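The values are calculated or read from the model by the stated rules, or taken from the named source; none is laboratory data. Predicted, not measured: the structure shown is a model, and the values here were computed from it. Cβ coordinates were reconstructed from backbone atoms using ideal geometry, including for glycine residues, and neighbour counts include every protein chain displayed. Note: accessible area is taken over every heavy atom of the protein model, side chains too, but ligands, DNA and RNA are not part of it. Shrake-Rupley method; radii C 1.70, N 1.55, O 1.52, S 1.80 Å.
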Amino acid sequence: MFDKIIIKSGSRSTEKFLSIPDIVDMMFYYGEVHVVVSQFELEQLLRTFGEDVLYELITSKLLFVHPCDQHIGAVFQNGLCSAGMFRHDFSSIEQLLYMYHRVFRKNSTDNMRFASKFSKILSEYRYPDIVQKSIYRDIEDDTYLSKATQIFIKQYYPKYHNIGEISLHAEPIQSQLGGMYRIEGNIRLDELNAIHQQIGYPGTFSYSNIFLAIGESNQDCYMSSELRSELITSSKWAEIYKLRLNECISNAEKSKRNIDFFQKTVAFEFMSPGTSFSIGQITPKELVKLLNEKNSLRFKDWLKDLPNGVPISGEFYNEIRQANSDKPWVKILRVLTQSIFGLANPLIGIVSTSLDGFIADKIINGWKPQIFVEKVLRNEKLKQDIDITS
C-alpha cells in the first residue's frame, strides 16, 4: 500500500503541466513518486523547486524523474489518420538534458553544466517497440476503437445523438510512414462539426484526438504496469484511461481521498504540506527537511505494511487505542472514524481537538505514527487560521 505512484502532466485541469501540490503531498505518503518529463515539465520543476532542491529530491529518491523524448503524434487529413510515437535523434542523455535545459535558460555554458551534472543521476526513459505495436492493435480492434470513440464523444460532444450506437473501423493503409488508416464508420460528421462549432472548439472535429487519447493512455498504462504503480492521470483523456486501466486509477483516487481525509482529521487546523508549499508558506529547503525528517520516512514504512484499501485513519486509531485504550477521547475517535469519507468539517474539528490529548502524552514503546502527525503534519510552518463558523 502506498508503494509507488506516477503523476502525469496535466493531472488537474487547472494546471498546465504537473500538479505540484500532488507531487509534494504524495512524497510524504508514497515510497516512490514518479514523474515523466519533457522539456516543458523539466522547466516547471526547475522553476518550482530550484536546481539544488530538485537535485536533492532526486538523489535522495524522494522524487523519480524520467526524461522522455517520445511523444504521440496523430494527423487526420483527407479521410486518413496516422498515429505513432515520435522522438528526436538525441545521441545521449547529456544532449537531451542540454536541449531540455535551454527551454529554462538559453545559456550554452549553463546548459552544458546542467547536462553534465544531472546526466549522472538521470537516464532517458524510452518506451519499447511493444508499446507502438500495442497502439496499433488498439486502433485496429473495432470493439475497443468504437468504445473509446463513444467515451470521447460523450466527454467532449455530449449533445451528439445516439452515442452508444457509434461504430468505427480503421482500415490499415500501406505507407512508408506506417500507422496510416482509413476511418470507416457511422459517425455523422456534419452533426458532430455543428456541435464542435457551437461549443467553440477551434477548427473541425478530428479523429486524431481519439488516436492521441488511445496512444497516450497506452503509454501511461504501460509505464504504470512496468513500475507496478498507481497512476494520477491527465483529465483530458480521463474516461479513456478508465476504460483501459480502471482498477489502477480507481486505487489512486481512493488513496488520494484516504490521504485527504486523514490529513483533515488529524491536522484540521493545518494545511497539507503540498498546499502550504504551493502558496509559499514553506520554502523548498524546508520542504526537503520535512520530507527527510526521520518520522516522515518511518511513516511511509508504516504505510507500506498496511493492507490494501484500508483507511489510514482507522489504522491510525488502532495504534492509538493500543497505547491509550482507557482514555475517553479514544472512544470519541472510534465513533468518528467509522464513516471515514463522510465527516463534516465541524466533526473533523472535534477529532482534531481530541488528538491534542495524545500529542501531549509521552509516547512509549518505540516509534508510533502519531509522532509523524505531531512533528510533521502539525508542524507550525503548516498552521492556518480557520473560522469553523463560516
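Checked against the criterion of being modelled with pLDDT of 95 or more, assigned to a helix (DSSP H, G or I) and closer than 28 Å to P202 by Cβ, segment 167-174 contains not a single residue that satisfies it.
Based on what the data block shows, is E286 surrounded by fewer than 19 Cβ atoms within 10 Å (Cβ to Cβ), over 20 Å from I23 (Cβ atoms) and touching a residue at least 60 places away in the same chain (Cβ under 8 Å)? No; evaluated as a whole, the condition is false for this residue. A count restricted to segment 109-123 and to residues that are open to solvent by less than 30 Å² (accessible area, probe 1.4 Å) and part of a loop (DSSP other than H, G, I, E, B) stands at 2. Pairing residues of segment 158-174 that are of a type in the set (V, I, T) with residues that are in a loop (DSSP other than H, G, I, E, B), at Cβ distances under 9 Å and at least 6 apart in sequence or on separate chains, gives I163/Y157; I166/Y160; I166/N186; I166/I187.
Residue-wise test of (1) β-branched (V, I, T); (2) more than 22 Å from E230 (Cα to Cα); (3) over 22 Å from the mean Cα position of the chain (by Cα); (4) modelled with pLDDT of 85 or more.
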position	(1), (2), (3), (4)
K294	no, yes, yes, yes
I312	yes, no, no, yes
F316	no, yes, yes, yes
N345	no, yes, yes, no
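Among the numbered conditions (1) farther than 30 Å from Q70 by Cβ; (2) touching a helix residue (DSSP H, G or I) at 6+ places or on another chain (Cβ under 9 Å), the only one that P284 does not meet is (1).
Somewhere in segment 367-378, is a residue at pLDDT below 80, over 21 Å from E32 (Cβ atoms) and assigned to a loop (DSSP other than H, G, I, E, B)? No, because not a single residue in segment 367-378 is at pLDDT below 80, over 21 Å from E32 (Cβ atoms) and assigned to a loop (DSSP other than H, G, I, E, B). For F40, indicate whether it is assigned to a helix (DSSP H, G or I) and over 22 Å from P273 (Cα atoms). Yes. Would you confirm whether or not segment 49-67 contains a residue that is closer than 23 Å to S208 by Cβ and in contact (Cβ under 8 Å) with a residue 40 or more places away in the chain? Checking segment 49-67: not a single residue is closer than 23 Å to S208 by Cβ and in contact (Cβ under 8 Å) with a residue 40 or more places away in the chain. Just one of the numbered conditions (1) basic (K, R); (2) more than 22 Å from the chain's Cα centre (by Cα); (3) within 30 Å of P369 (Cβ to Cβ) is not true of K61: (2). Within segment 268-275, can one find any residue that is over 21 Å from the mean Cα position of the chain (by Cα), among the small types (G, A, S) and at pLDDT below 95? Within segment 268-275 (the criterion being over 21 Å from the mean Cα position of the chain (by Cα), among the small types (G, A, S) and at pLDDT below 95), the answer is no, since none of the residues qualifies.
Selection of segment 211-254 for residues being open to solvent by less than 60 Å² (accessible area, probe 1.4 Å), in a helix (DSSP H, G or I) and charged (D, E, K, R) yields E216, D220. Tell me, which residue of segment 175-202 that is part of a loop (DSSP other than H, G, I, E, B) and closer than 25 Å to K147 by Cβ is most open to solvent (accessible area, probe 1.4 Å)? Of everything passing the filter in segment 175-202, R188 is most open to solvent (accessible area, probe 1.4 Å). The single condition among (1) open to solvent by less than 80 Å² (accessible area, probe 1.4 Å); (2) under 16 Å from L42 (Cβ atoms); (3) not polar (S, T, N, Q) that C81 does not satisfy is (2). Just so you know, in segment 124-166 the residues that are of a type in the set (S, T, N, Q) and in a helix (DSSP H, G or I) include one that is most open to solvent (accessible area, probe 1.4 Å), and it is T143.
Every test in (1) closer than 25 Å to G314 by Cβ; (2) open to solvent by 40 Å² or more (accessible area, probe 1.4 Å); (3) within 15 Å of the chain's Cα centre (by Cα) is passed by R298 save one, and that test is (3).
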